[in-house]
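Heads up, the thing below is written out as structure tokens.
The values are calculated or read from the model by the stated rules, or taken from the named source; none is laboratory data. Please read these numbers as outputs of a predicted model, since none were measured by experiment. Every residue, glycine among them, receives a Cβ derived from its backbone with ideal geometry; neighbour counts consider all protein chains shown. The accessibility values were calculated without ligands, DNA or RNA, using every heavy atom of the protein model including side chains. Shrake-Rupley method; radii C 1.70, N 1.55, O 1.52, S 1.80 Å.
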Amino acid sequence: MEAFTTHTGTAVPLRESNVDTDQIIPAHWLKKVTRDGFEDGLFEAWRKNPEFVLNQPERAGATVLVAGPDFGTGSSREHAVWALQNYGFKTVISARFADIFRGNSQKGGLLTVVLPQETVERLWALTEADPTAEITVDLVDRQVRAGELVADFEIDDYTRWRLLEGLDDIGLTLRHEEDITSFEATRPTWLPRTQPVG
Amino acid sequence: MGRTLAEKVWDAHVVRRAEGEPDLLYIDLHLLHEVTSPQAFDGLRQAGRRVRRTDLTIATEDHNTPTLDVDKPIADPVSRAQIETLRKNAAEFGVRIHSLGDVEQGIVHVVGPQLGLTQPGMTVVCGDSHTATHGAFGALAFGIGTSQVEHVLATQTLPMAPFKTMAVTVEGDLPEGVGAKDLILAVIARIGTGGGQGYVIEYRGQAIRNLSMEGRMTVCNMSIEAGARAGMIAPDETTFAYLNGRPHAPQGADWDAAVAYWKGLATEADAVFDKEVVIDAAELSPFVTWGTNPGQGAPLGESVPDPVAIEDPVERAAARKAIAYMGLTAGQKLRDIAVDTVFVGSCTNGRIEDLREVAGIIKGRKVADGVRMLVVPGSVRVSLQAVSEGLDKVFTDFGAEWRYAGCSMCLGMNPDQLAPGERSASTSNRNFEGRQGKGGRTHLVSPQVAAATAVLGHLAAPADLSTAGV
Ligand code: SF4
């Protein structure tokens, strides 16, 4: 996983609430068995509309997505995170994220930043007025900066550390393999096993 | 202070707890399907890792599987590749799999409970957000992403951030003709699609107690549509009776030990929830959605809302957009909405009781002109049971299509899809734009409403049938 410390880039203001994962990446894209190549599926239905913000030429190369509340609701598909990353986004800002989406993005190194809706509105106004306006997301100082705007955000220490170091969760867990083995010895014997019966 | 059901199950699974780190939780059951697992197995292979506990892991094919011509090779090459990838991975890593054509095949959330693999007090995960279904047994069950699937395959554990607890108490008795689906749609409309975020919901109260296991699964299934991490119901005699004798349920002395443990899981009287919602069952009525998220719903007797009357600006904009997408007008009576498709199935309402309910209503009647009805059992077992009761005959006599088990039109990854502009009454759980096919419009309904709608051709409840004289 790529480490995330500080990122500066132009933004896509997405004035939509409740952007569900079916919109981020439609189901028919889920048939792929790799982790890359999802960029063309990102917001596929909406991109058919030439007016859609992602289609505007001045948004090319943007790396910061600023979205309405309840971003990433719906299915657990991690493909939504891959699609955003494959397209080039490094971070998503919203007033509220769906839990599974947030978990998935933290696993994959896509930083989700929670800011109050009024701050999101200011970022929308700023980046709509000036598509070249840059937003800096600073994980070290837990701060978002854009133009005059400086906003602190919260993120738990553990997730922050993992993202800063670019650490893989499985490797971290396997450092505690002995704990897992001793826990297994205490499990009740009547718990089900999936081996076929009868 | 006492603990809640969710806290007890969590505490019993903590492998490691360290200051400033998420708890490392042990996972008792890991369910796999073809869509969210290929990249996880790939990750294992690349790192040279194995599946730690194949005996706590099980796979089934459901999302992509066709519901017609299942004896022929899958026509869509991409679907076929994904299913073949799962079969190859299961064989390579030694995971039990129920493939198309197998008697235990079906939707992953129907298969686990019917095998007796889902039991009270367990932790259950699957790369699928409707894993919440298994919470109906008093298990802590949550949907995970593909990286987490890989994590569980490799370690049988997951680092999990703590949750908050919410009680949704449904007091009193449900009125005649109102079921589990109406109840959960009403709950979601009340708390909103983000209202459950960060919470594990425990459903309580008399109306919940009175539900069958299948009804409880319908309720817990849709917890995710309220944004919750999981939904749970404390195990009781209904739970034990459902489990007793299932293939993987404990037997003999083990059964007694298990029941004794399960009885101790209930939330203690002095436990405190972080949030409480109380609903009076008597006020509920058949409930349907008019919009493009499951929170945009209303009682069937009402009308499409007027966005102007919605105070919250974000909600107002969302309603406006949804009404336009759905091709509706503000103020239109929900009962006046005509549909061209009725879908009965999915992990929300594709179990035997759902099929019985529908069959009971349509028996001796005919499907409305111009309406296509698809009945898709949740699993092969459900299908066999339905056939043994003659339900398949009821469906085909009515003019419905009786299909093979799978997810089918719930998400349209297989050929069962809505065409652009087509409108369905669907017993599934999501009415997102394009969920059932590009440009398709979905109204979420209960099995009872689906059945009455198929008869009349517009959104309707069974009580409307006698009024209409059909
Ligand atoms: S039936 Fe629908 S919601 Fe359930 S697992 Fe299948 S696709 Fe997901």
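At 1.4 Å probe size, with no ligands or nucleic acids counted, give the accessible surface of B:Asp71 in Å², nearest ten.
So the heavy atoms of B:Asp71 present about 140 Å² to solvent.
In square angstrom, rounded to the nearest 10, how much accessible surface does B:Ser99 have for a 1.4 Å probe?
Counting only protein heavy atoms, B:Ser99 exposes about 30 Å² to solvent.
Per DSSP H run of at least 4 residues, take -39500 (n - 2.57); add these up for the protein assembly as shown, divide by its residues and hand me the 222 nm value, nearest 500 deg cm²/dmol. Before the final figure, lay out each step's value.
Values: 25 runs with 222 residues, N = 668.
Calculated from helices alone, the mean residue ellipticity at 222 nm is -9500 deg cm²/dmol.
How would B:Ser285, B:Ser129 rank on accessible area, largest to smallest, probe 1.4 Å? Walk me through the numbers on the way to the answer.
Numbers: B:Ser285 45, B:Ser129 5 Å².
Output order, biggest surface exposure first: B:Ser285, B:Ser129.
Once you average over the residues of B:197-206, how many Cβ atoms of partner chains fall within 10 Å of each Cβ? Show your work: numbers first, answer last.
Values: counts 7, 3, 1, 0, 0, 0, 0, 0, 0, 0.
Partner Cβ neighbours, averaged per residue: 1.
Over chain A, with a Gaussian network built from C-alpha contacts below 10 Å, which listed residue (A:Asp22, A:Asp130, A:Asp138) shows the highest mean-square fluctuation?
Result: A:Asp130 has the largest fluctuation of those listed.
Between B:Ala271 and residues 5 or more places away or on another chain, which pairs have amide H atoms under 5 Å apart, with H built 1.01 Å from N, and which residues are they?
Amide H neighbours of B:Ala271, under 5 Å, 5+ apart: B:Gly2.
Can you pull the accessible area of B:Leu444 for me, 1.4 Å probe, Å² to the nearest 10?
Surface open to solvent at B:Leu444 totals about 0 Å².
Distance between Cα centroids, segment A:133-170 to segment B:322-366: provide it in whole Å.
That distance is 46 Å.
Treat each spin label as a single point 7 Å out from the Cα along the C-beta direction, and report the B:Thr396 to B:Asn244 distance in nm.
If labels sit at B:Thr396 and B:Asn244, their model points lie 3.7 nm apart.
Heavy atoms only, probe 1.4 angstrom, no DNA, RNA or ligands counted: give me A:Thr132, B:Thr239 ranked by accessible area, highest first. Present the calculation step by step, with values, prior to reporting the outcome.
Numbers: A:Thr132 100, B:Thr239 0 Å².
Descending order: A:Thr132, B:Thr239.
Could you check which residue among A:Ala80, A:Ala45, A:Ala67 shows the biggest mean-square fluctuation in a GNM of chain A with a 10 Å Cα cutoff?
Most flexible of the set in this elastic network: A:Ala45.
Over 25 Å between C-alpha atoms is what I'm after, so list which of B:Lys8/B:Lys181; B:Lys321/B:Lys438; A:Lys90/B:Lys321 land there.
Numbers: B:Lys8/B:Lys181 28 Å; B:Lys321/B:Lys438 16 Å; A:Lys90/B:Lys321 28 Å.
In this structure, B:Lys8/B:Lys181; A:Lys90/B:Lys321 lie more than 25 Å apart at Cα.
Could you work out the mean count of beta carbons from other protein chains within 10 Å of each residue's beta carbon in B:425-436?
Numbers: counts 0, 0, 0, 0, 1, 5, 0, 10, 6, 7, 7, 1.
Across the residues of B:425-436, the mean count of other-chain Cβ atoms within 10 Å is 3.
Suppose a student asked you for the relative contact order of segment A:87-198, using Cα pairs under 8 Å spaced at least 6 residues apart; what percent would you report?
Details: 89 pairs, mean separation 20.3, N = 112.
Relative contact order for segment A:87-198 comes out at 18 percent.
Considering only the protein assembly as shown, what is the antiparallel percent among its DSSP beta bridges, to the nearest 5?
Details: 25 of 79 bridges.
Percentage antiparallel, nearest 5: 30.
Assuming a ≥ b ≥ c are the square roots of the Cα gyration tensor eigenvalues, decide whether the protein assembly as shown counts as rounded (a/c under 1.5), prolate (otherwise, with a/b larger than b/c) or oblate.
Numbers: a/c = 1.44, a/b = 1.10, b/c = 1.30.
Rounded, since a/c falls under 1.5.
Compute the distance in nm between two label points, each set 7 Å from the Cα along the Cα-to-Cβ direction, one at A:Ala185 and one at A:Ile155.
3.9 nm
Pull up the DSSP beta bridges for chain A and report the antiparallel fraction as a percent, rounded to 5.
Details: 12 of 25 bridges.
Here the share of antiparallel DSSP bridges comes out near 50 percent.
Please report the spacing between the Cα centers of segment B:80-131 and segment A:78-132 in Å, no decimals.
That distance is 32 Å.
Accessible area of chain A with a 1.4 Å probe: how many percent of it is carbon plus sulfur? Don't skip to the answer; put the middle values down first.
Details: 3930 of 8230 Å².
Whole-percent figure for carbon plus sulfur exposure: 48.
Return the single residue from A:Gly108, A:Gly37, A:Gly68 with maximal mean-square fluctuation; model: Gaussian network over chain A, springs between Cα atoms under 10 Å.
A:Gly37
Using unit Cβ charges (K, R positive; D, E negative) and no other charged atoms, how large, in debye to the nearest 20, is the dipole of segment B:263-422 about its Cα centre? Spell out each step's value before the answer.
On the way: 16 positive and 23 negative charges, 135 e Å.
Using only the charged Cβ atoms, the result is roughly 660 debye.
Only sites in a loop by DSSP and with at most 16 other Cβ atoms within 10 Å count here; which GluC sites (Glu not before Pro) in segment B:143-226 make the cut? Kindly include the intermediate steps, with their values, before the conclusion.
On the way: sites: B:Glu150, B:Glu171, B:Glu176, B:Glu202, B:Glu214, B:Glu225; in loops: B:Glu176.
Those that pass, being in a loop and sparsely packed, are B:Glu176.
Give, in nm to one decimal, the length gained when the segment between B:Asp102 and B:Ala161 is fully stretched (0.36 nm per residue of separation minus the Cα-Cα distance). Please report the intermediate quantities before stating the final value.
Values: separation 59, 0.36 × 59 = 21.24 nm, distance 3.76 nm.
Contour length minus the Cα-Cα distance gives 17.5 nm.
What trypsin sites (Lys or Arg not before Pro) in segment A:149-198 are in a loop by DSSP, with at most 15 other Cβ atoms within 10 Å of the Cβ? Show your work: numbers first, answer last.
Details: sites: A:Arg160, A:Arg162, A:Arg175, A:Arg193; in loops: A:Arg175, A:Arg193.
Answer by residue number: A:Arg175.
Name the residue from B:Tyr325, B:His134, B:Ala91 whose Cα lies farthest towards the positive end of the charge dipole of chain B, charges +1 on Cβ of Lys and Arg and -1 on Cβ of Asp and Glu.
Final value for the positive-end residue is B:Ala91.
May I ask which residue of A:Val33, A:Gly61, A:Gly88 lies farthest towards the positive end of the charge dipole of chain A, with charges of +1 (Lys, Arg) and -1 (Asp, Glu) on Cβ and the Cα centre as origin?
Of the candidates, A:Val33 comes out farthest on the positive side.
Let me spell out the model: positive unit charges on the Cβ of Lys and Arg, negative unit charges on the Cβ of Asp and Glu, origin at the Cα centre of segment B:5-263. What dipole size does that give, in debye rounded to 20?
Working: 22 positive and 31 negative charges, 114 e Å.
In total the dipole reaches around 540 debye.
If I model a spin label as a point 7 Å beyond the Cα along the Cα-Cβ vector, how far apart are those points for B:Trp255 and A:Glu51 in nm?
6.5 nm
Over chain B, what relative contact order in percent results from Cα pairs under 8 Å that are six or more residues apart? Could the numbers behind the result be given before it?
Values: 1114 pairs, mean separation 79.5, N = 470.
About 17 percent, as a whole number.
Given R₀ = 22 Å, FRET efficiency for A:Asp40-B:Asp76 by Cβ-Cβ distance, to 0.05? Intermediate results must be reported in sequence, preceding the final value.
On the way: r = 19 Å, r/R0 = 0.85.
The pair A:Asp40/B:Asp76 has a calculated efficiency of 0.75.
Interface size between chain B and chain A, please: total buried accessible area, 1.4 Å probe, rounded to the nearest 100 Å². Don't skip to the answer; put the middle values down first.
Values: alone 17860 and 11100 Å², together 23430 Å².
Counting both chains, the buried surface is close to 5500 Å².
Average partner chain C-beta neighbours within 10 Å, per residue of B:140-146?
Numbers: counts 0, 0, 4, 6, 6, 15, 10.
Shielding by partners across B:140-146 averages 6.
Please report, in debye to the nearest 20, how large the charge dipole of segment A:92-167 is about its Cα centre when each Lys and Arg carries +1 at its beta carbon and each Asp and Glu carries -1 there.
Taking the Cα centre of segment A:92-167 as origin, the dipole is about 340 debye.
Assign one of three labels to segment A:6-168, namely rounded, prolate or oblate, based on the Cα gyration tensor with a ≥ b ≥ c the square roots of its eigenvalues; rounded applies when a/c is under 1.5, prolate when it is not and a/b is larger than b/c, and oblate otherwise. Please report the intermediate quantities before stating the final value.
Working: a/c = 1.63, a/b = 1.11, b/c = 1.47.
Oblate, because a/c is 1.5 or more while a/b does not exceed b/c.
Given a 1.4 Å probe and heavy atoms of the protein chains only, how would you sort B:Lys363, B:Lys333, largest accessible area at the top?
Largest to smallest exposure gives the sequence B:Lys363, B:Lys333.
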